[in-house]
Amino acid sequence: MNYSQAVFYKSANALSQLPKDSLAEIAFAGRSNAGKSSALNVLTNIKGLAKTSKTPGRTQLINYFSLTPGKFLVDLPGYGFAKVPLKIKEHWNKLIASYLETRNPLRGVVLLMDIRHPLKEHDQQMIEWLSYYEIPIHILLTKADKLNTNPAQNVFLQIRKELAAINTDIDIQLFSSLKRQGLEQLKAKLDLWLSDVPQDVPAEHNAQDS
């Protein structure tokens, strides 16, 4: 898959606004400061494709980026300590939960966690929830460049051990947007998820209308 072909497709604030022509999509999720936008920009090699900000929580909608007809990358609103009104947080939580629970074209979730602050309460809840619904998970331990090699590897091994007790099918890797570390490994996982997608399935059977 040529991820540099990604283009912004649309934003959605409700499930009814999600694309009806989707055949396969991969969602990026994580805490508000986990580096989702930076990861998407590095993955696609398009600076500014996903908006980055020093203020966590700026992604307030479900943002779709088209790769090829019917295949999308999806940037979900960040969760955690984003300084936004409670009413907006509640809407985000409901929107994200409904999306993940009902979205048929969803092939997997890339879950990003800052390697210096992994497996916070919201991260654990997300992992347990995705595991319950049998949604494939690929975890990026982001900002790996902030730690030296040995400490980063130790965190990786410890988190992998803890996750194995929850779900042995969860993949995990080190990642750095700044150093482009782990980029090829991420692409290989996304390629796998996006491969073997039927092209002749009517779009109405792959998109939710509610």
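Residue separation times 0.36 nm, minus the C-alpha to C-alpha distance between L192 and K20: what's the value?
59.6 nm
Could you check what % of the DSSP bridge pairs in the chain are antiparallel, to the nearest 5?
35 percent
Just rank S131, S22, S16, fewest to most, by other beta-carbon atoms within 10 angstrom.
Ordered by Cβ neighbours within 10 Å, fewest first: S16, S131, S22.
State which entries of K120/K187; K47/K189; K146/K179; K71/K94; K10/K143 exceed 20 angstrom in Cα-Cα distance in the structure shown. Don't skip to the end; give the middle numbers.
Numbers: K120/K187 26 Å; K47/K189 22 Å; K146/K179 10 Å; K71/K94 24 Å; K10/K143 28 Å.
Exceeds cut-off: K120/K187; K47/K189; K71/K94; K10/K143.
Toward the positive end of the charge dipole of the stretch 3-196, about the Cα centre and with charges on Cβ (Lys, Arg +1; Asp, Glu -1), which of N154, Y99, S11 goes farthest?
Of N154, Y99, S11, it is S11.
By how many degrees, 0 to 90 and rounded to 10, does the Cα axis of helix 149-164 deviate from the longest principal axis of the chain?
The angle comes out at about 60 degrees.
Determine, for each peptide in 113-120, 60-67, 30-37, the mean count of other beta carbons within 10 angstrom over its residues, then list the peptides with the highest first.
30-37, 60-67, 113-120
If the chain between T68 and R116 were fully stretched, how many nm would it gain, using 0.36 nm times the residue separation less the Cα-Cα distance?
Stretched fully, the T68-R116 segment lengthens by 13.8 nm.
Rounded, prolate or oblate: which fits the chain when a ≥ b ≥ c are the square roots of the eigenvalues of the alpha-carbon gyration tensor, with rounded for a/c under 1.5 and prolate only if a/b beats b/c? All intermediate terms of the calculation are to be shown ahead of the outcome.
Numbers: a/c = 1.43, a/b = 1.31, b/c = 1.09.
Since a/c stays below 1.5, the shape of the chain is classed as rounded.
About the Cα centre, and with charges only on the beta carbon of Lys, Arg (+1) and Asp, Glu (-1), how big is the dipole of the stretch 3-196? Nearest 20 debye, please.
With Lys and Arg at +1 and Asp and Glu at -1, about 840 debye.
Could you give the angle, 0 to 90 degrees to the nearest 10, between helix 121-132's Cα long axis and the longest principal axis of the Cα atoms of the chain?
50 degrees
If you rank D169, D21, D123 by fewest surrounding Cβ atoms within 10 Å, what's the result?
Lowest to highest Cβ neighbour count: D169, D21, D123.
Laboratory data are not the source of any read-out in this text; all were calculated from the coordinates shown. As the structure is a prediction and not an experimental result, all values here were calculated from the model. As a convention, Cβ positions derive from the backbone with ideal geometry for all residues, glycine included, and neighbour counts pool all protein chains shown.
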